[in-house]
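Report on the structure given below.
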């Protein structure tokens, strides 16, 4: 689950909204995981991965802090904690209606099935909150923050740009970044932009004290990223 267009995110969102419920086959497992690791599990899915014939258990927890509990550290690309993965996989095997894996084909061309073992299961975890925040930011119509810049009027400003959950104000020159960063203009822009953001923040995840608008320059964008948003955000 990486973006708001992912199927897993959309399903978790319907559960969070109370429109759908978690699959009954995973209710007990979700309750066990929530209690044991002190997290809020929104949803659990499972599927067979074609590339290695293993079962992927996808756990959607609510908050990023919840997701970090299943990893070796808080670093973005940290590996999953193998001990926790095995604990969850073992519980899955014991209490859930499990998927059977392909064990090749017989001489008659009939696909044989086998019950999975612990090493046939991969447990992944993702957080709902960060993607919901990104979605809220992306839902603000561009015309509305363009109008905001026109209202606030600052000749040093080039544009505002969004990527995922971040928003960046671009001034014209590198030398202007420090001045804008200390200005009342930026404070007013952040306050007004946050008001826009809250209109689309369905689950009330965005908090004013955690929201900041970054600062960069068109000069940096042109000179170091070939005036390309693709290069800038990749």
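Could you pull out the residue among 108, 99 that is more than 29 Å from residue 21 (Cα to Cα), at pLDDT below 95, part of a loop (DSSP other than H, G, I, E, B) and outside the structural domain of residue 190 (by TED's automatic domain parsing)? It would help to see each step written out before you state the result.
Values: 99 fails: more than 29 Å from residue 21 (Cα to Cα).
Residue meeting the stated conditions: 108.
Filter the range 111-136 down to the residues that are in a strand (DSSP E or B) and touching a residue at least 24 places away in the same chain (Cβ under 8 Å), then identify the one that is surrounded by the most Cβ atoms within 10 Å (Cβ to Cβ). Taking the candidates together, the pick is 125.
The sole residue among 152, 189 that is surrounded by 18 or more Cβ atoms within 10 Å (Cβ to Cβ) and under 25 Å from residue 229 (Cα atoms) is 189.
Residue under question is residue 39, and the condition is that it be within 19 Å of residue 133 (Cβ to Cβ), touching a helix residue (DSSP H, G or I) at 6+ places or on another chain (Cβ under 8 Å) and in a strand (DSSP E or B); does it hold? Full working, then the answer.
Values: within 19 Å of residue 133 (Cβ to Cβ): yes; touching a helix residue (DSSP H, G or I) at 6+ places or on another chain (Cβ under 8 Å): yes; in a strand (DSSP E or B): no.
The answer is no for residue 39.
Within the range 199-229, restricting attention to residues that are loosely packed, with under 14 Cβ neighbours inside 10 Å and part of a helix (DSSP H, G or I), the residue that is farthest from the chain's Cα centre (by Cα) is 223. Restricting attention to the range 56-73, does a residue exist that is loosely packed, with under 14 Cβ neighbours inside 10 Å, closer than 20 Å to residue 22 by Cβ and in contact (Cβ under 8 Å) with a residue 40 or more places away in the chain? Looking for residues that are loosely packed, with under 14 Cβ neighbours inside 10 Å, closer than 20 Å to residue 22 by Cβ and in contact (Cβ under 8 Å) with a residue 40 or more places away in the chain, one finds none in the range 56-73, hence no.
For the range 155-176, how many residues meet the condition of being part of a helix (DSSP H, G or I) and buried (at least 18 other Cβ atoms within 10 Å of the Cβ)?
Filtering the range 155-176 down to residues part of a helix (DSSP H, G or I) leaves 174-176.
Subsequent filtering for residues that are buried (at least 18 other Cβ atoms within 10 Å of the Cβ) retains 176.
Adding up the residues that qualify gives 1.
The residue of the range 21-36 that is nearest to the chain's Cα centre (by Cα), among those that are surrounded by fewer than 12 Cβ atoms within 10 Å (Cβ to Cβ) and in a helix (DSSP H, G or I), is 35.
For residue 18, the conditions (1) touching a helix residue (DSSP H, G or I) at 6+ places or on another chain (Cβ under 9 Å); (2) part of a loop (DSSP other than H, G, I, E, B); (3) under 24 Å from residue 204 (Cβ atoms) all hold with the exception of (1).
The values are calculated or read from the model by the stated rules, or taken from the named source; none is laboratory data. Predicted, not measured: the structure shown is a model, and the values here were computed from it. Cβ coordinates were reconstructed from backbone atoms using ideal geometry, including for glycine residues, and neighbour counts include every protein chain displayed.
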